[in-house]
Each structure stands twice: as C-alpha cells, then as structure tokens.
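Take a look at the structure set out below.
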Amino acid sequence: MNLRESGIRFLILGACVLCSGLAAAHEEGADFSGAIIEALRADHAHIEDEQRLNFGWVDGLRTDSGKRGAFASSIELAAAWDAEFRFGSEIFIPFSNTGNDSDSFGIGDIEFWPIKYAFINRPETILTGALSFVFPTGSESRGLGTGNTVMGGLLFFDQAYKNWFFGLNGEIEGTISGESEAEAELAAVVSYSFIRGTQQKAPTVPSQRFVPALSLEVISEFGLQGEEDGETHVSVVPGFHLWHPNSGWAARVGVEVPVTSNRESDFTVLFQIGTHFDWSKMGRL
C-alpha cells in the first residue's frame, strides 16, 4: 500500500468513526452550558466522549527548498471514564504532507493524554488538568516527526456566561528521549453563540434548528530549550461555528494567521467536523 492509499484509508476510517453514532450537543447526561464551544485550535476543559476530524490547508509553508502549500489533518478521539465526566483520555493522530517535500504523505507524531481530571466540574465553570505524551511515530527522515518522545503537563479552564464563552489553555512540555528540547504554550478563546432564549445559563440543548457562533483564538508558543530556545510564535484564529443541536453534529471553519515575524507559514485555512458519541454504547450496537 502506498502513502496516498494509506492517507485515503486514514480519512475513511475517521469518517466511519464519526458516523458510528449521534448524540446531543454535549453528550447525554453532560449538563454543560451550550455556549461552551469546541474551538478550532484551543482545547476545552470539559470532559466527554468526542470524535473530531480536523483539516488544514497551509499556505506558504517554510521548507528548506522554499515556500509551498501543504495539508495537515488529524483524527481526535476522546473518552470519558465516569458518569460525572470528571476523568477522561484523548488521542490525536495526525496525517499530513508538511514534511520535507509535497510528496511525503504520512502519519506524524501521535499525542496521547492518558488522563484528564476535572478539579472543578460545574455547568459553566470547568478546570481540568492533563498529562500528555507525544510519541515519535512520524518519519524523522521525511520531516513528518521529530524523533523525540515528549512529556507534558496541561491545564484547561472553561467559563461560560449566558451566550458568552471564555477558554484558557496552558502547557509546558519537554523531551524525555531524543534531543533536549522544551517549550510552553498558552492559548485563549472567546466566543459568542447565537442561542435564543438564554436566561441565566445557556441551555445544554437549545430548542432551535441551528446555532451559529463566532470565535476568536490567540495561540502562542514559547521555546524554552533546544532549537527553538528563545523564539516566540503567536497567531490569531477567527472562526465561524454551525451546530445542529438535535443531532449533536457541528462544523467549524477559520483561518490561522501568524502575527509574529518568526512564522512557519503565511496562513492556514482550518475546517473541523465532529460530534459526541458515548463509547459505552459500542457494545450494544
């Protein structure tokens, strides 16, 4: 099987996972505010079973041979361990041609969060910590991976107020095998969901056919050690979201634009589609 066939099968597998079932806006039993969105680049604090496909078209990717276009995609799968949605895990499987040349298609370094724990778990306020590992599954020789095993700690905060949502992410990570590197990441998102009839709290499942939302994210990365030591990357991501509450499906589109002179690309067009499916139902299908 060649790399192009592998990529097609990868995307078909993701689509099959996403189509395996439908759920409400937030997973059934998860009484979170409907104003808490799934952002395009930032992560949320609330823990649920979740399935997403992420796509990106990268314009002006910097490579050793000059600038070129490229694509980056990933499957994101999350599972909640308990009925209170306090414990969970996530995995991110990337597939792209952002390596040394445009013909290098393949899986990148897989990221796994074996445990997420919500210290605060209220409908409008969630504070969650997570442990992360990045494994060198991508080809280093083709530029699809770093060759390093990375360990990190993450903290997520979600706050909703009526139709508004604010989210904050913080992460610090460093290599535990391979070249010595460390970096920190900080991300923030603010959004407004056009949910009708909101009183004190936006309903978990609004009684309208579609819910549009507008968002703005700021993503920043800081090199602490290694090749990126002392370098800072900052980008902004305006986004538009369209959610179908009855089925639980949502689609999102946005553009990530670097605002620092030290940039890896000119801009990236982002598209995302996802839903929530209770993994415990798999045995009953």
Inset, instruction - Divide, for the stretch 205-268, the radius of gyration over alpha carbons by 2.2 N^0.38 Å, where N is the residue count. - result: 1.57
Inset, instruction - Would you please put 68-81, 227-240 in order of how densely packed they are, using the mean number of other Cβ atoms within 10 angstrom per residue and starting with the highest? - result: 68-81, 227-240
Legend entry - aspartates and glutamates with Cα under 16 Å of Lys201, excluding same-chain neighbours fewer than 8 positions away: Asp31, Glu124, Asp158
Legend entry - Crossing angle, helix 3-18 versus the chain [Cα axis fit, 0-90 degrees, rounded to tens]: 10
Inset, instruction - May I ask you to derive the relative contact order of the chain, considering only C-alpha pairs under 8 Å and at least 6 residues apart, and to give it as an integer percent? - result: 20
Inset, instruction - Apply 1/(1 + (r/R0)^6) to the Cβ-Cβ distance of Phe166 and Val257, taking R0 = 35 Å, and write down the FRET efficiency to the nearest 0.05. - result: 0.95
Inset, instruction - Arrange Arg209, Arg196, Arg41 by Cβ neighbour counts within 10 Å, fewest through most, would you? - result: Arg209, Arg196, Arg41
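Throughout, read-outs are computed from the coordinates displayed, never taken from laboratory work. No experiment lies behind these values; they were computed from the predicted model shown. Cβ atoms come from the backbone with ideal geometry, glycine included; neighbour counts cover every protein chain shown.
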